[in-house]
Every structure is written in structure tokens, then in C-alpha cells.
1. Determine the percent antiparallel among the DSSP beta bridges restricted to the chain, to the nearest 5.
2. Collect residues whose amide H, placed 1.01 Å from N in the peptide plane, falls under 5 Å from the amide H of Val68; neighbours closer than 5 in sequence don't count.
3. May I ask for the distance between the Cα centers of segment 93-115 and segment 20-81, given as a whole number of Å?
4. At 1.4 Å probe size, with every protein chain present, just tell me what the per residue accessible area of segment 101-169 comes to in Å².
5. Hey, what did the chain get for relative contact order, percent, Cα under 8 Å, at least 6 apart?
6. Scan the chain and hand back the longest stretch that contains none of the GluC sites (Glu not before Pro) lying in DSSP loops with at most 13 other Cβ atoms within 10 Å.
7. For a paramagnetic label modelled at 7 Å from the Cα of Asn66 toward its Cβ, which residues of segment 81-99 fall within the zone defined by backbone nitrogen distances under 16 Å?
8. What is the Cα centroid distance between segment 174-188 and segment 256-289, reported in whole angstrom?
Amino acid sequence: MKLDSLPRVQLSFEPTPLQKLRRLAEYLGLNQIYLKRDDQTGLGLGGNKARKLEYLLADALQREANIVLTVGGPQSNHCRITAAAARACGLECTLIFRGHPIEQAQGSMIIDRLLKAKWIFAKDQTREEKMDEMAKEYLEQGLKPYLIPAGGSNALGTAGYVRAGLELARQCQEQGINPDYICCASGSGGTQAGLILGCHLGGLRARVIGISVSRSVAELTEKINMLLVELGAMLDVDVSALHPVQVSDDFVGDGYGRPTKLSQTALELCAALEGVILDPVYTAKGLGGLMAMVENGRIPKSSSVIFIHTGGMPALFADTELYWPSSGPLKAEKGSLGS
Ligand SMILES: Cc1ncc(COP(=O)(O)O)c(C=O)c1O
């Protein structure tokens, strides 16, 4: 397969574990639920972005870049892990954050600082405009910048999740698991696009469902379809026989990063029943969505389901007033799964 010939630097621990969540399955009345622990990839406190960066950083090194630039919010997991990946490859890193400077570093920004990444706020420009401006400046200074799009979600980065899908298919075969559904939180769409193709190539018949944390179904579906076409061309594989992309935007709530009762319930339930810590922005919304789909019948209770834990836990230590208001966290109540 052409994927094997793409240059790649090993940055993550793999395979990540596939963990059976017996107590959560019992609580939900679901046949089986497994957690694919991509929060355990290791690099920069772990998470899905490490897999994408293995291909992106290999490309940067091949092009003899010496500084990596990328964009995100101040709490971006992608930015934090990019900063760690750059260090692991001996490169410098500049992060372009949306909006205006904020007073105090918290959560991921603390790690960015530790990794000695430079950060710049885009203020009234778009992040991409600011990144282009910085790249020009670096070129004038004689540096060789390498630009990575938001979430690392171009075809090359997404190849990391084709690889993850193949890894998951192998694990399922070894452990005798035959999943009906694979669910993940979807932001920029690269994780879901890569999984769709990787799981298909690995022979899994499961449908991959993305739970959007921000974008509408139409926007996210278009992005994922575009990535699949680009992946097909890059890897020389036929993508015409894939299942139609399945995305839900029912669980976004008030918007990106804003907790919902359901996301808070998922966060607390997973910790209380399994001792597993999710993140409040992505995986809590994702698992919350999955739980609601089990309750409303979109995912039948007889199903075997795999949820991808994509990391992001440093966000638990940022914006604490939002997630843990002085009055205490939003309460998880039994039977409160309905969105
Ligand atoms: C923890 C976490 N989970 C899920 C996602 C979504 O991945 P993607 O952008 O590939 O859709 C992200 C993206 O930033 C993330 O940081």
C-alpha cells in the first residue's frame, strides 16, 4: 500500500490500547463499548494530533524546514502537540492563536511555554492571514518555514488516521471484536476522514459516526468528503465505494468549547464508572452524543461500539470557571442523557 511508502517520523506510542468499558456498557444497556486510547499517544501529553504530525513533520524535515507554524485557539491541543513534535524533531515552532492576547497562560498554553514555542495572537486578522504574514517574515530572515493547517487536517496529516484505522482493524481481529459503530468527536474532520478510509481498508464493516463539536453537518460532511477524495488520490486507493459520511451536529450546544448538560454528564459518568478522564471540549461532547444516540435508538442497544478517545485533557485545567463554576460542576443525573 502507498501509505507505507510515505515518509513518517515515529512520534507516538503505538498501538494505543483498546479498552473494554464494562461498567459504562452496563449503565447504557449497550452490548459492548470499547475505548481506543489515542489519548495515550504520548507526545505533548497525548492525543490524536500526534498521529497526523508523524507525516507532517516528516514532510517538514524532507523539505529542510527549520521552523513549523500552525494555527488554533489558545487551548488548542493541535498547537500544543505540534510544539512538542517540532521539539522532538529539533525544529522551532510558532503558534498563531485566534483573537487578542490573554493575560494568563493556563492549560495547554503552559505546556506550549515549556516547549518554548513562540505564540502570536492574530487579533483582527484571520489566523491564516497572520500565519502567511509570519511565514513571509521568517523567509526574509533566511529561515525555512513549514506551514500546517488548522487541526493538521490536510490529506497528508489525515494519513495518520488511515494508519490508525488499520491499527484498530488489526486489534479488532486479534481480540475477536466485530464493531458495528466507531464514534469520534469531529472538529476539522481529519480524524474521522482517516478512520473511515483506514477502517474500510482494514476490512471493518463498522460505520464511522462523527459527533461535531462546532461545524454544521453540511460543512463537516463536505470537508470530510473533500479529504477522502484527496486521500484517495494521494494513496492511490478507490474511495468511491465508501459508506456515505455520517455526522451529527445535534450535540454542539451553544458552540465550540461550551459545555452542555450532556457533555458534563459524559465527563462525570466516564470518570465515576470507569476511572477514565475525558476532555470537556471534544471527547465529552463526543461520548455524550454517543450515549444519547444509544438512548434514542440511532445506535441499537445490541451494538458493539468503539469510541475513540482523542485526548485533550489539559483543557480540564483551563477556563475553570466555565467547566467548574464556583457553584460546582453541572450535575450529572441518571436518566439525563436526552439532548
Ligand atoms: C482532543 C481532540 N479530539 C478531537 C479532535 C478533532 O479532530 P479533527 O480536528 O481531526 O476532527 C481534536 C482536534 O483538535 C482534538 O484536539
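The values are calculated or read from the model by the stated rules, or taken from the named source; none is laboratory data. Since the structure is predicted, the reported quantities are computational estimates derived from the model, not experimental observations. When we count neighbours, we look across all protein chains shown, and the Cβ atoms used for this are built from the backbone with ideal geometry, even at glycine. Calculation scope for accessible area: heavy atoms of the full protein, side chains included, ligands and nucleic acids excluded. Shrake-Rupley method; radii C 1.70, N 1.55, O 1.52, S 1.80 Å.
1. On the way: 5 of 37 bridges.
If we restrict to bridges inside the chain, about 15 percent are antiparallel.
2. Glu92, Cys93, Thr94, Tyr146
3. 18 Å
4. Spelled out: the 1.4 Å probe surface of segment 101-169, per residue, equals 51 Å².
5. 19 percent
6. Segment 104-332 is the longest.
7. Those under the cut-off are 87, 89-94.
8. 17 Å
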